[in-house]
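The values are calculated or read from the model by the stated rules, or taken from the named source; none is laboratory data. Please read these numbers as outputs of a predicted model, since none were measured by experiment. Every residue, glycine among them, receives a Cβ derived from its backbone with ideal geometry; neighbour counts consider all protein chains shown. With ligands, DNA and RNA removed, areas are computed over all heavy atoms of the protein, side chains included. Shrake-Rupley method; radii C 1.70, N 1.55, O 1.52, S 1.80 Å.
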Amino acid sequence: QRVNYDHAIVGSVPSFFNQSFEQATANRWQFPLLIQYRWTVSKTKLFAEIGPSISRIADSRRTITSILSLAGSSTSLNTASITGGGGTWAGVTAGAGVDLPFRHLHLRPEFRYNHWFLPGASSAIGQVTGAIALFPVLTTSIPGASPSFRANQNEATFLLGLTF
């Protein structure tokens with residue numbers, strides 16, 4: 001799955017105005033191991049599933065642009081690109097759906113919910129982005145800057161399965 005996001009930070013005090021924009025893309029792999037329970041209610045085949053999951057973010061690329069305007073003086077523009085890295089997170093997945101037979105096929109629409117256990121990854125990235133926003137001169141080399149990808153801790157997905 002190809003994932004991306006845009007993030008903007010705006011800061012202002014009487015002496016200067018600062019804007020930072022982040023664009024990020026990455027490849028994401030998810031591996032759920034689900035136990036499925038099926039039952040029939042008046043000729044309708046339903047199913048529910050639950051189990052652990054692993055999410056792997058790879059090949060992430062972040063571009064951060066920072067604009068600093070000093071009151072009554074100059075404006076500076078800095079851009080930094082951070083590539084590589086990613087992360088692996090464990091989570092729990094639950095889903096429910098219906099099995100619809102159609103000739104020799106089975107259409108299986110379902111909703112899935114994932115909860116990822118993120119070990120402080122989003123707060124660390126927020127601190128790095130905040131440092132870039134406040135000090136745009138440092139965007140080319142930030143010690144300890146992580147190329148990790150932001151991720152939502154809760155996620156809902158609609159899937160359409162096809163079996164034959």
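Taking the criterion of being touching a Phe, Trp or Tyr at 6+ places or on another chain (Cβ under 6 Å) and closer than 22 Å to Gln30 by Cβ, no residue of the stretch 98-110 qualifies. Every condition in (1) under 30 Å from Phe102 (Cα atoms); (2) exposed (fewer than 14 other Cβ atoms within 10 Å of the Cβ) holds for Ala48 except the one numbered (2).
Here the condition is being open to solvent by 50 Å² or more (accessible area, probe 1.4 Å), of a type in the set (D, E, K, R) and either closer than 30 Å to Ala80 by Cβ or within 15 Å of the chain's Cα centre (by Cα) (or both); of Arg38, Arg28, Arg62, Arg56, it holds for Arg56 alone. Search the stretch 89-130 for residues being under 28 Å from Asn18 (Cβ atoms) and either at pLDDT 80 or above or open to solvent by less than 40 Å² (accessible area, probe 1.4 Å) (or both), and hand back the single one that is farthest from the chain's Cα centre (by Cα). It comes out as Gly130. Within the stretch 1-12, if we keep just the residues that are open to solvent by less than 70 Å² (accessible area, probe 1.4 Å) and either of a type in the set (Val, Ile, Thr) or modelled with pLDDT of 90 or more (or both), the residue that is nearest to Arg112 (Cα to Cα) turns out to be Val3. The residue that is nearest to Phe117 (Cα to Cα), among those in the stretch 68-77 that are assigned to a strand (DSSP E or B) and without any contact (Cβ under 8 Å) to a residue 60 or more places away in the chain, is Leu77. In the set Thr25, Thr63, Thr93, only one residue is more than 25 Å from Thr157 (Cβ to Cβ), part of a strand (DSSP E or B), among the β-branched types (Val, Ile, Thr) and in contact with an Asp or Glu (Cβ under 9 Å, 6 or more places away or on another chain); that residue is Thr63.
What tally of residues in the stretch 51-60 results from selecting those that are touching a residue at least 60 places away in the same chain (Cβ under 8 Å) and more than 16 Å from Thr88 (Cα to Cα)?
The initial filter retains those residues of the stretch 51-60 that are touching a residue at least 60 places away in the same chain (Cβ under 8 Å), namely 53, 55, 57, 60.
Okay, now just the ones that are also more than 16 Å from Thr88 (Cα to Cα), so none.
Matching residues across the stretch 51-60 total 0.
Whether any residue in the stretch 78-88 is assigned to a strand (DSSP E or B), hydrophobic (A, V, I, L, M, F, W, C) and open to solvent by 40 Å² or more (accessible area, probe 1.4 Å) is what I want to check. The answer is no, given that none of the residues of the stretch 78-88 is assigned to a strand (DSSP E or B), hydrophobic (A, V, I, L, M, F, W, C) and open to solvent by 40 Å² or more (accessible area, probe 1.4 Å).
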